[in-house]
Amino acid sequence: MSDAVWLDEEQQRTWRTFLAAVHLLEASLDRQLRRDSGLPHTYYQALAMLSESPGGAMTMTELARLLRSSPSRLSHAAARLEEDDLIRRFRRPGDRRTTIVELTERGFRTLEKAAPGHVAHVRRILFDVIDPEQAESLRAIAEAMLGALDPEGVETRYAPPGSRD
């Protein structure tokens with residue numbers, strides 16, 4: 001017999017409710033962005049991360065880490081973003097192994113246009129339906145989970161105040 005400590009009924013309900021909310025949240029964000037700006041949520045996140053980086057640029061490795069994406073998956077997305085002139089990629093001078101990805105002016109304008117609707121949607125589906133105390137609790141819960149999932153903070157990046165996402 002297993003030594004597993006099974007979830008009780010209330011824990012099971014909490015866990016499944018949480019999973020459903022996360023799944024529906026991702027789908028809702030993606031639908032809104034595609035409908036209003038033609039961008040999938042993952043592309044929006046890439047543009048947002050670049051916009052918050054000094055000079056609007058970073059290495060592909062760093063961007064993949066921030067997006068929690070595999071390098072090959074990011075390369076595919078970057079090819080589409082580059083094709084649409086939203087980013088540009090180039091080798092770091094003096095280091096032919098490192099690829100830099102940079103937000104273009106068109107990418108910045110696209111992000112500026114998409115951000116207000118995205119923020120309004122986030123507000124509507126999250127912050128308008130919970131009170132400030134619940135928001136504080138949600139942040140504390142997320143921080144506790146991140147502490148367990150990423151104790152050294154390697155994968156975690158907090159967006160600066162006033163960021164787009």
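None of the figures in this text is laboratory data; all of them are computed from the coordinates on show. Predicted, not measured: the structure shown is a model, and the values here were computed from it. Ideal geometry is used to build each Cβ from the backbone, glycine not excepted, and the neighbour counts take in all protein chains shown.
Restricting the stretch 50-68 to residues that are among the aliphatic types (A, V, I, L, M) and farther than 15 Å from Phe90 by Cβ leaves a set whose member that is surrounded by the fewest Cβ atoms within 10 Å (Cβ to Cβ) is Leu67. Residue pairs whose Cβ atoms lie under 8 Å apart, sitting 6 or more positions apart in sequence or on different chains, and linking a residue in the stretch 77-93 that is under 11 Å from Arg106 (Cβ atoms) to a partner that is surrounded by 12 or more Cβ atoms within 10 Å (Cβ to Cβ) and of a type in the set (S, T, N, Q), are Asp85/Thr104; Leu86/Thr104; Leu86/Thr110; Ile87/Thr104; Arg88/Thr104.
Taken together, the residues in the stretch 50-61 that are free of Cβ contacts under 8 Å to residues at least 40 places away in the same chain and either under 13 Å from Leu74 (Cα atoms) or hydrophobic (A, V, I, L, M, F, W, C) (or both) amount to 1. Just so you know, in the stretch 122-140 the residues that are charged (D, E, K, R) and within 19 Å of Ser28 (Cα to Cα) include one that is nearest to the chain's Cα centre (by Cα), and it is Arg123.
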